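Since the structure comes first, as structure tokens, the remarks are kept for the end.
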Amino acid sequence: QVQLVESGGGLVQAGGSLRLSCAASGRTASTYTMGWFRQAPGKEREFVAGINWSGRTTYYVDSVKGRFTISKDNAKNTVYLQMNSLKPEDTAVYYCAASGKVGVRRGNDFDYWGQGTQVTVSS
């Protein structure tokens, strides 16, 4: 089992920044890809960003490219999502997820999920 705990959400004005953290514990050696997803009210869950075990490969949904950066600190078993130039449409609950597969972005390919952290961007 892998446990994931997100933190860092909050309320920010449009154009502002937030950094989300996801602390992993348990059998983290079984995970290869870490990802961030988000779900806004009334909308489906959406993949946001992914990173491989080494941290050398990252990938994003088009709507956040150039604004969000995913990174990880293997020594701390922590994944980060730096979010800059935030827009009201970024408002959602953000979830951290872990997968034993390579380069995935579908929710069904992720095995472990955190509880989520709310991000609200005011206009």
Where a residue in segment 1-20 is of a type in the set (Lys, Arg) and at pLDDT 95 or above and its partner, wherever it lies, is surrounded by 13 or more Cβ atoms within 10 Å (Cβ to Cβ) and not in a strand (DSSP E or B), with Cβ under 6 Å and at least six apart: Arg19/Gly8
Residue count for segment 36-54, restricted to those that are outside any strand (DSSP E or B) and either polar (S, T, N, Q) or open to solvent by less than 20 Å² (accessible area, probe 1.4 Å) (or both): 1
Filter result (farther than 21 Å from Tyr112 by Cα and open to solvent by 50 Å² or more (accessible area, probe 1.4 Å)) within segment 83-99: Asn84, Ser85, Lys87, Pro88, Glu89
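Yes/no matrix, rows are residues, columns are (1) in contact (Cβ under 8 Å) with a residue 12 or more places away in the chain; (2) of a type in the set (D, E, K, R); (3) more than 15 Å from Glu6 (Cβ to Cβ):
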{"site": "Trp53", "(1), (2), (3)": "yes, no, yes"}
{"site": "Asp62", "(1), (2), (3)": "no, yes, yes"}
{"site": "Lys76", "(1), (2), (3)": "yes, yes, no"}
{"site": "Leu86", "(1), (2), (3)": "yes, no, yes"}
{"site": "Ala92", "(1), (2), (3)": "yes, no, no"}
Residue that is surrounded by fewer than 16 Cβ atoms within 10 Å (Cβ to Cβ) and of a type outside the set (Phe, Trp, Tyr), where the choices are Thr33, Thr69, Thr57: Thr57
Count of residues meeting criterion [touching a Phe, Trp or Tyr at 6+ places or on another chain (Cβ under 9 Å) and open to solvent by 20 Å² or more (accessible area, probe 1.4 Å)] in segment 1-17: 4
Subset of segment 12-53 (residues that are of a type in the set (D, E, K, R) and touching a helix residue (DSSP H, G or I) at 6+ places or on another chain (Cβ under 8 Å)): Arg38, Arg45
Residue ID - farthest from the chain's Cα centre (by Cα), chosen from residues in segment 72-82 that are hydrophobic (A, V, I, L, M, F, W, C) and surrounded by 15 or more Cβ atoms within 10 Å (Cβ to Cβ): Val79
Residue check for Ala75: in a strand (DSSP E or B), out of contact with any Pro (no Cβ under 6 Å at 6 or more places or on another chain) and more than 30 Å from Ala14 (Cβ to Cβ): no
Residue identified as surrounded by 13 or more Cβ atoms within 10 Å (Cβ to Cβ), touching a residue at least 60 places away in the same chain (Cβ under 8 Å), in contact with a helix residue (DSSP H, G or I) (Cβ under 7 Å, 6 or more places away or on another chain) and aliphatic (A, V, I, L, M) among Val119, Val104: Val119
Index of the failed condition, Tyr32 passing every other in (1) in contact (Cβ under 8 Å) with a residue 60 or more places away in the chain; (2) under 19 Å from Glu6 (Cβ atoms): (2)
Matching residues, segment 17-35, being of a type in the set (Val, Ile, Thr) and part of a strand (DSSP E or B): Thr33
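The values are calculated or read from the model by the stated rules, or taken from the named source; none is laboratory data. Just so it is clear, the model here is predicted, and its values are computed rather than measured. Positions of Cβ are backbone-derived with ideal geometry, glycine not excepted, and every protein chain shown enters the neighbour counts. Ligands, DNA and RNA are stripped out before the accessible areas are found, and what is left, the full protein with its side chains, is counted by its heavy atoms. Shrake-Rupley method; radii C 1.70, N 1.55, O 1.52, S 1.80 Å.
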